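The structure appears below as structure tokens.
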Amino acid sequence: MKIRLLLFIPIILCSVFSGFSFAQNHKISDTFYSSIYSGDWSKSYSLLKQYKQSANTIKSKAKYHWYLGYLLLQKGDYFEAYKSFLESRTYCVKHGLLKNQAKAESRLIECLYLLNNRNISSEVINLISIDELIDSTCKIAEELDDDDIRIHCEYNKSTRAENLKDYESSLNHIENMGTIYQKQKDTVRYIANLLNIAPALSKLKKYQEAINVLNITESYYDKKDPENYRSRILVYSHKCDQYYYLNKLDSALITIKKAKNLLKNYNNLNYKIFVYEQLCDVYEKTETYHEAFLALKKLEQLRDSAQHQSLIKDIGEIKTKYESAEKEKENIILKNRQQKYTYQIYILIALLVLTGFIGYIIYSNSKKKQLLAIRDKALEKEKNDKLLKNLELQSIDAMISGQEKERKRIAEDLHDNLGSTLATLKLYLETLKERVKGDNSSMIKKTESLLNEAYEKIRFMSHLRQHGNLATKGLIPAVEDLAHKISYSNKVDVRVAHHIENKSLENSLELNVFRIIQELLTNAIKHSNAKNVTVNITCFENSINILVEDDGSGFDTKKIHPKHGIGLSNIKNVLKP
């Protein structure tokens, strides 16, 4: 009986903190704890699943792992409970949730004691020691000056003292917890804490005092919380122990039967086993062997059921691990398949991009070739046009050169041949003038006048067709000399105005400009009967402007027949680009 009591005490101590979970979400907390106390595990898991779906903050995730650990702890799965509380503490430490960290640490200490009592060891369990957890919890309590965390600290110290068999210190720490509950006016947890004081008194062999404490808790639960079957079973179980130690076996039997009657309302196999173990001990002590045999038979059935449940649980865990492994394998295969499809899509996209790029390059090169062909064609056309232009210019230059030679020959012939003939004719006329007298003298004078006029015109035309000054002095002096010679006759006054600034021009260009001016002056003298002629020559950048003005009669260029306008046609041919 004593050994069973020592193993059961941590389960009793769990009830102290049922109201000490995370303070928020009271509604779900109350329903969750009620389902645990009533042994309705499916409802507990369902509520926990609902809570997990809404756990979208760090604090709520930490709370979820705490709730899960508490559920596993009450079911007796201490190792999994330890891992859940450790996960909750990790969240709290990482994000500075000190108060919640202290609560998780208290549960970790509780789980470690239970695991140590069952000689269960693991690398996960050895990550942190009980003393480190207790020191951390108490330090947080002082840092935050928080009574709730101080309760955790006192609870942990009580558990450590109990394991060291320092039952007096253990009792003092539990009583300190009760003092804090009274200060907080928390009757529910104060009563729950009495369930911890009773076993502590029992260890000190103060059995009657323990019964007195348990009577208080029994009265409270019967009146205030009759459906808290878990706590009521614990009360009757503890009272049975005290009566058993005091050898009040009748009272012990009556009390444990009350606990047995409550088991039908609290579906917890561990509690059933524990109650039937006490029932067997009492029947055996009272030598009621038939009842003891029946109780033992029921106990064996319960143990077999527990073993069967444990086996089912192990099979379920293996099945779950197998299904998880298979699912993970399927996920890996699916992931590899998706990666394969992804790579194929990437390759297809890359090929499309490459094809498009190559197509673009081909199109671009084709376009460039077309542009080059067009440009080459344009260059060829420009080259041909330039060649034709050069040929035309050469033809014009040859024509002008031939014209100049012809003009020079005609001028020389006029000067040398016709001029000398007219001079000889004039000598003859002078001789005839001396011999002829009388009425014929007027005819001779008229003939002499016509001869002189013909001689002057021939002389003028000879000088007009020559351009000796153009070759030696340049364009402007040649034009000025030509104007002076024309003005010398006193019939036409020719003036030259220029703005060329002695720029040197090509010989052929100077000759063309001179012949244009010469042709225009000839036309003015022959056709306009002008008295004054002005020649303006200006040069700006790459152009030469020639303006010849006179005060003569003028003419309409549109009415000139091509056969009669040879001079103007020559000017147009020279001016063609």
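Here is how the numbers come out for the structure above:
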| item | result |
| --- | --- |
| Prolate/oblate/rounded label for segment 60-170 (Cα gyration tensor, a/c 1.5) | oblate |
| By accessible area with a 1.4 Å probe, ligands and nucleic acids excluded, highest first: order of Ile546, Ile140 | Ile546, Ile140 |
| Virtual spin-label span in nm between Lys264 and Lys185, 7 Å along Cα→Cβ | 4.1 |
| Cα→Cβ-extended label distance, 7 Å offset, between Lys205 and His499, nm | 14.2 |
| With DNA, RNA and ligands ignored, accessible area of Ile362 (1.4 Å probe; Å², nearest 10) | 110 |
| Per residue solvent-accessible surface (Å²) - segment 156-306, probe of 1.4 Å | 48 |
| Solvent accessible area, Å² - His290, 1.4 Å probe, full protein context | 120 |
| Formal net charge of residues neighbouring Val494 (Cβ-Cβ distance under 15 Å; K, R +1; D, E -1) | -2 |
| Segment 201-338: C-alpha gyration tensor shape, a/c 1.5 cut-off, then a/b vs b/c | prolate |
| Largest to smallest accessible area among Val494, Val548 [probe 1.4 Å] | Val548, Val494 |
| Local net charge near Val235, Cβ-Cβ under 12 Å (Lys/Arg +1, Asp/Glu -1) | 0 |
| Rounded, prolate or oblate (a/c below 1.5 giving rounded, otherwise prolate when a/b exceeds b/c) for segment 33-88 by Cα gyration tensor | oblate |
| Listed residue (Tyr37, Tyr64, Ile130) projecting farthest to the positive dipole end of segment 18-142, Cβ model | Tyr64 |
| Ile120, Ile197, ranked by accessible area, largest first (probe 1.4 Å) | Ile120, Ile197 |
| Interchain or long-range residues, amide H under 5 Å from Asp493's placed H | Asn532, Val533 |
| Separation between Cα centres of segment 278-315 and segment 87-118, rounded to whole Å | 34 |
| Length gained when the stretch Asp77-Thr90 is fully extended (0.36 nm per residue, less Cα-Cα span) | 2.7 nm |
| Accessible area of Val492 in the full protein assembly, 1.4 Å probe (Å², nearest 10) | 20 |
| Loop GluC sites (Glu not before Pro), segment 194-279, which have at most 13 other Cβ atoms in a 10 Å radius of their Cβ (DSSP) | Glu227 |
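The values are calculated or read from the model by the stated rules, or taken from the named source; none is laboratory data. Source: prediction; values computed, not measured. Reconstructed Cβ throughout: ideal geometry from the backbone, glycine too, with neighbour counts over all protein chains shown. Just the protein is used for accessible areas: all its heavy atoms, side chains included, with ligands, DNA and RNA removed. Shrake-Rupley method; radii C 1.70, N 1.55, O 1.52, S 1.80 Å.
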